[in-house]
Amino acid sequence: MAISIGINNVTRAYGPVRAVDTLSLDIKAGEFFTLLGSSGSGKSTLLKMIGGFERPSAGEILFDGRDVVDVPANKRPVNTVFQSLGLFPHMTVAQNIEYGLRLRGLSGGERARKVENILELVELSGFEERNVNLLSGGQRQRVALARALVMEPGILLLDEPLTGLDERLRQQMRDEFGRLHKRTGATFVLVTHNQDEALSLSDRMAIMHKGKIEQLDRPEQFFQSPANAFVARFVGMENQLKPERLEEVGNGVVAVICGQHVPVVQGARHDPATSLVVIRSDRVVLGENNTDGDQLRLKVVETMFRGLYRDVKLAFADGQTLVMALDAGGPLLSVGEDVVVTLKPKAALLTAA
Ligand code: ADP
Ligand code: MG
C-alpha cells in the first residue's frame, strides 16, 4: 500500500549549517516525487530523515498523517536504495534479496517464490545463485532495487541510484524505475542532481537550494513559469535579460530590452525593478514572420555546432545576449551579421531575479 509523506517545518542543522531549513512538503500516496538540486542542497539529508537514518532538529515527519520522528528506520514501511548500493559482497543474488524476508521470519518456500518474482520484475530471472561480485554495474543496481522492492515497501527512497552508471545503462535503468513505479504502486522519492531523470520520471518535483525548496511543481511547469532566475537557470533556461522597464499593453505586459519590445508571459506579479525576462531558446526562430511586435534585431556573436542543431548567440546593442537553437540544416550565420528573429508565442517569461 502506498503511503503519503508530510514534511512540516523540518530543519536539520549540523552545527551552524542548516542542511534542511524549515522545509515543508507533501508527497502524495503513490506519487513519483523527485528532489532535484545540486550537490550540498540538502537532498540526501531530507531523504535520510524520511527513511529514519537522521533525526530532524525541528519539525514533523508524517506517514499517512502519523508522526514517525520517533519510529526507528527498521520499523518504518520504507526501503532505501543508496548510491553505494550496499550489497553484501559474500552473498549470492538470492541471499542478498531474501535477507530482509528472513528477518521477517518468512519460510524458505515463501522467500524463494518472492525472490523469483522480484527477479523477473527486474529482468534478472535465473541469476539467483550468482555471486554479486561477478555482476555488471547495471545488474548490481537491479539487485539493490530488487532487494528493496521485495519488501513491498509503501515508500521507496532512491538516493542518486543512477550516478556512476554509463549513459546507456542510466537511460535503461531510468525507464525501469518508471515501469517499476507503475507496477508496484508505491510512493517513490528520488533524489538526483540529473535534470533528465527528474523530468522524465516525476509526477511532481521540487528544486532544492540551500536546504529550501525553490519551486515545487509538475515538470512542465518549470519551463512555463519558473519561480525565479535560479530555477530557470537550473532547468537550462540561460537566456535571462534585464529589461529597462515593463509596460502594460491591453491585458498583457511588454518588457522593453535595449529599446526593443518583447511581450512577456507573467506568471506571478513581479517587482519590475528586480524582474528578469527569460527567453526560451526553442521558441526563437530566424527571420521575420507576419506577426506583429515580437521581432528582435540582433547581432550574431557566436555559433556553436551541437549535432542536431546549432546554438547561435545573439546580442542586443547593450551587450546582453540570448542563445537560440537553430536547425543544423538551416542557414549558416556569420559572426557580426545582423539578423531579425521572431519570438513564438510564450517565448518570453517574466521571472524574479
Ligand atoms: P545533497 O544530498 O543535496 O548533496 P546533503 O544533504 O548531503 O546534500 O548535504 C547538505 C549540507 O549538509 C551540506 O552542506 C553538507 O556538507 C552538510 N552535511 C550533510 N551531512 C552532514 C553531516 N553528517 N555532518 C555535517 N554536515 C553535514
Ligand atoms: Mg546527496
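Got a sec? Which of A58, A13, A73 is at negative phi, touching a Phe, Trp or Tyr at 6+ places or on another chain (Cβ under 7 Å) and within 16 Å of ligand 1 (Cβ to nearest atom)? Step through it out loud before you land on a result.
Values: A58 fails: touching a Phe, Trp or Tyr at 6+ places or on another chain (Cβ under 7 Å); A13 fails: touching a Phe, Trp or Tyr at 6+ places or on another chain (Cβ under 7 Å).
It is A73.
Suppose the filter is away from ligand 1 (no atom under 16 Å from the Cβ), touching a helix residue (DSSP H, G or I) at 6+ places or on another chain (Cβ under 6 Å) and at pLDDT 95 or above; does F32 pass it?
Numbers: away from ligand 1 (no atom under 16 Å from the Cβ): yes; touching a helix residue (DSSP H, G or I) at 6+ places or on another chain (Cβ under 6 Å): yes; at pLDDT 95 or above: yes.
Spelling it out, F32 is indeed away from ligand 1 (no atom under 16 Å from the Cβ), touching a helix residue (DSSP H, G or I) at 6+ places or on another chain (Cβ under 6 Å) and at pLDDT 95 or above.
Restricting attention to the range 22-40, which residues are over 14 Å from L216 (Cβ atoms) and either outside the structural domain of G178 (by TED's automatic domain parsing) or within 16 Å of ligand 2 (Cβ to nearest atom) (or both)?
Selection gives S38, S39, G40.
Pull up the range 117-132, narrow it to residues that are loosely packed, with under 15 Cβ neighbours inside 10 Å and in contact with a helix residue (DSSP H, G or I) (Cβ under 9 Å, 6 or more places away or on another chain), then point me to the one that is modelled with the lowest pLDDT. Spell out how you get there, then give the answer.
So the first thing to find is which residues in the range 117-132 are loosely packed, with under 15 Cβ neighbours inside 10 Å, and the list is 117, 120, 123, 125-126, 129, 131.
With the extra rule that they be in contact with a helix residue (DSSP H, G or I) (Cβ under 9 Å, 6 or more places away or on another chain), the set shrinks to 123, 125-126, 129, 131.
Values: E123: 85, S125: 93, G126: 94, E129: 95, N131: 94.
Selected residue: E123.
Given D26, D70, which one is more than 20 Å from R142 (Cα to Cα), in a strand (DSSP E or B) and without any contact (Cβ under 8 Å) to a residue 40 or more places away in the chain?
Selected residue: D26, the only one of D26, D70 that is more than 20 Å from R142 (Cα to Cα), in a strand (DSSP E or B) and without any contact (Cβ under 8 Å) to a residue 40 or more places away in the chain.
Of all residues in the range 83-116, how many are open to solvent by less than 80 Å² (accessible area, probe 1.4 Å) and either assigned to a loop (DSSP other than H, G, I, E, B) or hydrophobic (A, V, I, L, M, F, W, C) (or both)?
Looking only at that region, the number is 15.
Would you say T80 is open to solvent by 10 Å² or more (accessible area, probe 1.4 Å), within 10 Å of ligand 1 (Cβ to nearest atom) and among the polar types (S, T, N, Q)? Give the derivation first.
Values: open to solvent by 10 Å² or more (accessible area, probe 1.4 Å): yes; within 10 Å of ligand 1 (Cβ to nearest atom): no; among the polar types (S, T, N, Q): yes.
Answer is no for this residue.
Conditions: (1) in contact (Cβ under 8 Å) with a residue 60 or more places away in the chain; (2) surrounded by fewer than 16 Cβ atoms within 10 Å (Cβ to Cβ); (3) in a strand (DSSP E or B). E248 meets all but one. Number of the miss?
(1)
The values are calculated or read from the model by the stated rules, or taken from the named source; none is laboratory data. Remember, predicted model here, so these are calculated numbers, not experimental data. Using ideal geometry, Cβ is built from the backbone for each residue, glycine included, and neighbour counts are taken over all protein chains shown. Surface areas here come from the heavy atoms of the whole protein model, side chains and all, with no ligands, DNA or RNA. Shrake-Rupley method; radii C 1.70, N 1.55, O 1.52, S 1.80 Å.
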